[in-house]
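What follows is a set of notes on a single structure, which appears directly below.
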Amino acid sequence: MVTVGPGVREIRIHTGLEHRVFYVAKFTEGVYVVHAFEKRTRKTQKQDLELARDRFRALVMKRRTDNSTER
């Protein structure tokens with residue numbers, strides 16, 4: 001899911017409804033879910049992409065801050 005951030009992947013869950021989960025699994029300490037939502041239209045809503053992108057950026061910044069204080 002390059003539109004959200006590098007390394008972000010998408011899980012599509014097909015039940016009676018459509019659900020999406022955006023996650024990052026490239027970090028050694030774990031898997032981070034940046035956004036999960038019910039999809040109601042064919043196209044992913046802009047606000048869902050923006051929210052996931054903002055959360056991904058915040059995650060990257062937090063990891064940088066945490067790693068720089070550990071040294």
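Please treat every number below as a calculation from the coordinates, not as lab data. As the structure is a prediction and not an experimental result, all values here were calculated from the model.
With θ taken as phi - 60° and the Karplus curve 6.51 cos²θ - 1.76 cosθ + 1.60 applied, the whole-hertz 3J(HN,Hα) list for segment 22-33 is 9, 9, 10, 10, 8, 8, 5, 7, x, 9, 10, 8 Hz, x standing for glycine and proline. Only Cα pairs under 8 Å and 6+ residues apart enter the sum, and on that basis the relative contact order of the chain stands at 25 percent.
Per residue, the chain reaches -12500 deg cm²/dmol at 222 nm when only DSSP H runs of four or more residues are counted, each adding -39500 (n - 2.57). Between (1) 5.0; (2) 4.4; (3) 4.0, which entry matches mean projected area of the Cα convex hull in nm² as derived from the coordinates of this structure? Computed from the coordinates, mean projected area of the Cα convex hull in nm² corresponds to (1).
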